[in-house]
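Right, one structure below, let's go through it.
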Amino acid sequence: MLSALRSSRSNSRPRRDVNDEDARTLRDLWSVGPAIERDLTSLGVRSVAQLARRSPERLYRQLERTRGKKPDPCVLDTFRAAVAQALDPALPREQCVWWYYSALRGKDQPRNRRRLRSSARRAGHSEGRGDRS
């Protein structure tokens, strides 16, 4: 298994040092549109090189403190996709999109919580909205 991982990595281009100047702009990264660019800029991230030195989880928590409310979890997924691309310009395309990280986040959810959600959906109830009658 380890040898397969090594061989797959040897075929990809080497990672850039995060201190190297990166000619890409934030908007050059997949999943970074105007809104995410504004969020990153408001958090002090103005370049891909700066983004490569940041933690997506810390950016998300900082955005929560700045806004005064918890952002949508997909924002965290987008931050993860952007940081991954900043660290590795040769990242496979399927890992450049935010929904790749949403799927991983979904796998991290406890099984009971997922079961409760699907039970609520089957019963015709939506979490957090109370009874529909």
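Tabulated data for the structure shown
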read-out: Search result, residues across region 19-44 that are of a type in the set (S, T, N, Q), at pLDDT below 95 and more than 16 Å from the chain's Cα centre (by Cα); value: Asn19
read-out: Elements of type helices (runs of 4 or more DSSP H) in region 63-133, at least 2 residues being at pLDDT below 95, surrounded by fewer than 14 Cβ atoms within 10 Å (Cβ to Cβ) and not aromatic (Phe, Trp, Tyr); value: 98-108, 111-122
read-out: Answer residue from region 53-62, given it is within 13 Å of the chain's Cα centre (by Cα) and in contact (Cβ under 8 Å) with a residue 12 or more places away in the chain and is surrounded by the most Cβ atoms within 10 Å (Cβ to Cβ) among those; value: Leu59
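The values are calculated or read from the model by the stated rules, or taken from the named source; none is laboratory data. This is a predicted model, so every value here is computed, not measured. Note that we place each Cβ from the backbone using ideal geometry, even for glycine, and neighbour counts take in every protein chain shown.
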